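First the structure, in the form of structure tokens, and then the observations on it.
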Amino acid sequence: MSQHEKPRSLLGKGGKLTMHISSHFDSGNIEVARVDDGHIAELRIKKDTGDEHMQWFHFRIDGARDKACTLRIVNAGDASYPSAWAGYRVCTSVDRQTWTRVDTDYSDGVLTIAHRPEGQMQWYAYFAPHTHEQHLDLLSHCQRSDEVVIDRLGSTVDGRDLHRLVVGEGPLHFWAIARQHPGESMASWWMEGFLDRLLDPNDAISKRLKTMATIHVVPHMNPDGAIRGHLRCNAAGANLNREWAEPSLERSPEVYHTKAAMDAAGVDFCLDVHGDEELPYNFLSGSEGIEGYAESRLPHLCNVFASAYERANPDLQREHGYPVAAPGRANMTMCTNAVAARFQCPAYTLEMPFKDNANAPDPIFGWSPERCAQLGASSLDALVQLAQATGESD
């Protein structure tokens with residue numbers, strides 16, 4: 001279906017509307033290939049601009065309340081990470097506030113959702129969406145604090161504003177960025193919890209951190225891709241987390257402007273917040289593969305942060321994660337490696353699951369927005385320990 005075609009509807013006897021499927025809203029993504037009168041639909045996920053990636057989906061069904069629906073995503077086997085569907089359970093909501101999980105089957109390249117919608121309108125998504133309006137609400141909420149300075153770093157490909165929040169007055173400069181990959185909406189939920197605690201005037205850990213460090217936050221690096229319903233790319237088809245070696249204003253202005261702001265302020269630590277399709281765990285991925293890592297102070301400082309984060313929130317673990325790059329073999333197009341090498345500072349990528357957390361599963365909600373926010377809030381404990389260790393090592 002082209003972007004100009006109307007979403008298809010299922011018509012009962014006499015032409016009465018009984019089921020209608022749409023993704024024509026912020027972060028929506030689905031194409032309707034076929035529907036029939038048994039409340040069965042064949043759907044297809046649309047590719048990101050650039051035709052390289054696809055896996056994110058977000059759509060709504062109208063007029064099927066209490067009907068046994070079978071929704072078949074027939075091109076799931078062509079997704080960027082098809083192995084990720086094993087053990088995955090789709091997210092659904094009636095009010096777009098509470099998202100629960102639905103049993104989901106994957107076989108022969110088809111992802112099948114069998115569900116009875118509870119509402120006259122029922123939403124389904126790869127993970128609980130965090131829309132652009134929610135992002136703007138977050139910025140608006142934060143600016144009510146006298147502790148925050150919000151500045152505009154520049155424009156995205158589509159001309160949207162890229163904002164940074166600056167909090168604290170300490171000598172160290174800590175950075176947290178999120179949503180380089182727009183389909184990883186758990187990163188925005190993490191930011192909700194992180195910023196809420198950072199701006200809590202009664203939180204002793206937050207108050208101490210802000211005397212030790214100035215915290216720079218870019219809560220949404222890729223609003224264009226998120227609004228378009230992309231998994232990994234911006235409006236120019238660029239994977240922002242492969243643009244850090246040579247970002248350009250034409251292809252990756254989001255990275256270009258953020259990197260320029262880092263150069264102007266300095267970086268003593270950077271946390272890049274993401275989601276992982278395949279692994280059912282929360283974990284950190286570091287910069288061990290950059291030149292000179294093992295001989296520097298970075299292993300000590302990274303271990304201080306990671307150990308403190310694990311103690312602060314057991315939803316984070318360090319047993320499962322990505323393979324560690326060999327010395328000198330780091331991918332320097334990625335944020336964590338590029339920033340660690342450029343500023344000789346500790347840096348991590350935080351990954352959260354699209355699936356549930358296998359170490360502490362929740363059969364109703366799975367890995368949820370609320371747990372993302374709690375993991376975001378817990379990071380402040382680790383940042384205080386890092387700030388102290390950094391001061392001791394200088």
Subject >> All positions within segment 230-255 that are more than 20 Å from Arg164 (Cβ to Cβ) and part of a helix (DSSP H, G or I) >> reply: Arg242
Original post:
Which of the following residues is open to solvent by less than 60 Å² (accessible area, probe 1.4 Å), part of a loop (DSSP other than H, G, I, E, B) and polar (S, T, N, Q): Ser287, Ser307?
Top reply: Ser287
Original post:
Within the set of pairs 6 or more residues apart or between chains, which connect a residue that is in contact (Cβ under 8 Å) with a residue 60 or more places away in the chain and under 9 Å from Ala128 (Cα atoms) inside segment 81-98 to a residue that is assigned to a strand (DSSP E or B) and of a type in the set (A, V, I, L, M) with Cβ atoms less than 7 Å apart?
Top reply: Cys91/Ala125
Subject >> Tally, over segment 57-73, of residues that are open to solvent by 10 Å² or more (accessible area, probe 1.4 Å) and hydrophobic (A, V, I, L, M, F, W, C) >> reply: 1
Original post:
Which one is most open to solvent (accessible area, probe 1.4 Å), of the residues in segment 220-229 that are part of a helix (DSSP H, G or I) and over 15 Å from Arg152 (Cβ atoms)?
Top reply: Arg228
**OP:** Among the numbered conditions (1) out of contact with any Lys or Arg (no Cβ under 7 Å at 6 or more places or on another chain); (2) closer than 21 Å to Asp51 by Cβ; (3) among the acidic types (Asp, Glu), tell me where Asp224 comes up short.
**Re:** (1)
**OP:** Please enumerate the residues belonging to segment 27-44 that are open to solvent by 30 Å² or more (accessible area, probe 1.4 Å), in a strand (DSSP E or B) and either within 14 Å of Ala76 (Cβ to Cβ) or not acidic (Asp, Glu) (or both).
**Re:** Glu31, Ala33, Arg34, Val35, Ile40, Glu42, Arg44
Subject >> Members of segment 336-350 found to be of a type outside the set (Val, Ile, Thr), buried (at least 17 other Cβ atoms within 10 Å of the Cβ) and more than 14 Å from Asn313 (Cβ to Cβ), listed by number >> reply: Asn337, Ala338, Ala340, Ala341, Arg342, Phe343, Cys345, Pro346, Ala347, Tyr348
Original post:
Taking segment 98-122 as the region of interest, how many residues are over 17 Å from Glu42 (Cβ atoms) and either open to solvent by 50 Å² or more (accessible area, probe 1.4 Å) or under 19 Å from the mean Cα position of the chain (by Cα) (or both)?
Top reply: 9
Subject >> Enumeration of residues in segment 81-97 that are part of a loop (DSSP other than H, G, I, E, B) and farther than 16 Å from His58 by Cβ >> reply: Tyr81, Ala86, Gly87
Original post:
Any idea how many residues of segment 252-284 are among the hydrophobic types (A, V, I, L, M, F, W, C), open to solvent by 10 Å² or more (accessible area, probe 1.4 Å) and within 15 Å of the chain's Cα centre (by Cα)?
Top reply: 2
Original post:
Here are some conditions: (1) assigned to a loop (DSSP other than H, G, I, E, B); (2) in contact with a helix residue (DSSP H, G or I) (Cβ under 6 Å, 6 or more places away or on another chain); (3) open to solvent by less than 30 Å² (accessible area, probe 1.4 Å). Glu184 meets all but one. Which one does it not meet?
Top reply: (2)
Subject >> Any pair with Cβ under 7 angstrom, 6 or more apart, that starts in segment 240-263 at a residue that is under 13 Å from Met332 (Cα atoms) and ends at one that is hydroxyl-bearing (Ser, Thr, Tyr) and assigned to a loop (DSSP other than H, G, I, E, B) >> reply: Leu240/Ser252; Arg242/Thr333; Glu243/Ser252; Glu243/Thr333; Trp244/Thr333; Ala245/Thr333
Subject >> Complete set of residues in segment 63-80 that are of a type in the set (S, T, N, Q) and assigned to a strand (DSSP E or B) >> reply: Thr70
Original post:
Out of (1) more than 24 Å from Thr390 (Cα to Cα); (2) in contact (Cβ under 8 Å) with a residue 24 or more places away in the chain, what's the single condition that is false for Val217?
Top reply: (1)
Subject >> Flag if Gly366 is outside any loop (DSSP other than H, G, I, E, B), under 30 Å from Leu138 (Cα atoms) and open to solvent by less than 10 Å² (accessible area, probe 1.4 Å) >> reply: no
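The values are calculated or read from the model by the stated rules, or taken from the named source; none is laboratory data. Computed from a predicted model, the values in this text were never measured in an experiment. Glycine also receives a Cβ, built like all others from the backbone with ideal geometry; neighbour counts cover every protein chain displayed. What goes into the accessible areas is simple: the full protein's heavy atoms, side chains included, and nothing from ligands, DNA or RNA. Shrake-Rupley method; radii C 1.70, N 1.55, O 1.52, S 1.80 Å.
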